[in-house]
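Please treat every number below as a calculation from the coordinates, not as lab data. Everything quoted here is computed from the prediction, not taken from an experiment. Glycine also receives a Cβ, built like all others from the backbone with ideal geometry; neighbour counts cover every protein chain displayed.
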Amino acid sequence: MSNNDEHSSISEKLVAAYDNVIYKIYDTIDNSEESEKPHSLHQLIDKAIERTVEFGEITSEEAQKVSDYLKRDITEISNYIAEDEENELKSWFKFDLQQIEDRFIEALNSIADPTKLELNKLSLQAADASIYKTGEICSPGSLTCQHCGKILHFTKTSHIPPCPSCKKVNFVRE
């Protein structure tokens, strides 16, 4: 197996794990008794990550990456919603929502709404965390190259490639 094949395989594994953790969070919210539900976004993410590692789906190191990617994306959603109360999660994606599974939207909504206060607090701490880099995983949406302004559109959880125009590696959420 070449280095490119191995890197691609790891990226695909992290993309799958990212989506799996989202569904585990959604499942926790849906199926826990009120007294058993985690009280914060961090607890929801940590519990889902812990379950993923326990089931042997990913390593602890991979789990930390997925956790970081997920927390970054949730923080970005929070920042967008916090900017203006009229902003809706659907408009954050800025492209045809038919391409995104309804379940994913519901999962993000169910995380974002009950934890809005916590997310607002996190957004104040996340100024540097809003940079997306080549090699990381991101949720659906649009990223803009910080160097040339090229916009990359993601219709599903994806690995972030280098900019196709200038080959630079830093992006911000469109």
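Name the long-range amide H neighbours of Gly135: under 5 Å, sequence gap of 5 or more, or other chain; modelled H, no Pro or chain starts.
Ile160
Going down the table (Lys24/Lys150; Lys24/Lys168; Lys47/Lys156; Lys47/Lys150; Lys13/Lys47), which pairs top 30 Å between alpha carbons?
Lys24/Lys150; Lys24/Lys168; Lys47/Lys150
Can you list residues from other chains, or at least 5 along the same chain, whose modelled amide H is less than 5 Å from the amide H of Lys168?
Here Cys163 satisfy the definition.
Extending each Cα 7 Å along its Cβ direction at Gln146 and Lys133, get the distance between those two points in nm, one decimal.
Placing both labels 7 Å beyond Cα along the Cβ direction yields 1.0 nm.
Students often check this: by mean Cβ neighbours within 10 Å, which of 166-174, 68-76 ranks highest, and how do the rest follow?
68-76, 166-174
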